[in-house]
Amino acid sequence: MKVREIIKIIQDDGWSLARTRGSHRQFHHPTKRGTVTVAGGANDDLPKKTHYSILKQAGLR
């Protein structure tokens, strides 16, 4: 799965981009706690475990 695909999934769930530093993007949600960090360029492939970790942080898994 590409980085841009995972970003679309978490943004569709209500997460919004809070800040960016280099290739790391941090997202916040208005009602859910915590921050979700997505690293990599938009066309980079995510390793399977990283993909699952991001979904877990976002409360989608």
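Descriptive notes on the structure:
- Inter-residue pairs, beta-carbon under 6 Å, first over 14 Å from ASP12 (Cβ atoms) and in the stretch 47-61, second surrounded by 15 or more Cβ atoms within 10 Å (Cβ to Cβ), 6+ apart: GLN57/VAL36; ARG61/LEU55
- Strands (runs of 3 or more DSSP E) contained entirely in the chain, each with at least 1 residues that are among the hydroxyl-bearing types (Ser, Thr, Tyr), more than 8 Å from the chain's Cα centre (by Cα) and surrounded by 12 or more Cβ atoms within 10 Å (Cβ to Cβ): 35-39
Let's see how each residue does on (1) touching a strand residue (DSSP E or B) at 6+ places or on another chain (Cβ under 8 Å); (2) modelled with pLDDT of 95 or more:
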{"residue": "MET1", "(1), (2)": "yes, no"}
{"residue": "GLU5", "(1), (2)": "no, yes"}
{"residue": "GLN11", "(1), (2)": "yes, yes"}
{"residue": "GLY14", "(1), (2)": "no, yes"}
{"residue": "ARG19", "(1), (2)": "yes, yes"}
{"residue": "THR35", "(1), (2)": "yes, yes"}
{"residue": "VAL38", "(1), (2)": "yes, yes"}
{"residue": "GLY41", "(1), (2)": "no, no"}
{"residue": "LEU55", "(1), (2)": "no, yes"}
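The values are calculated or read from the model by the stated rules, or taken from the named source; none is laboratory data. No experiment lies behind these values; they were computed from the predicted model shown. Here the Cβ is made from the backbone with ideal geometry for all residues, glycine too, and neighbour counts use every protein chain on show.
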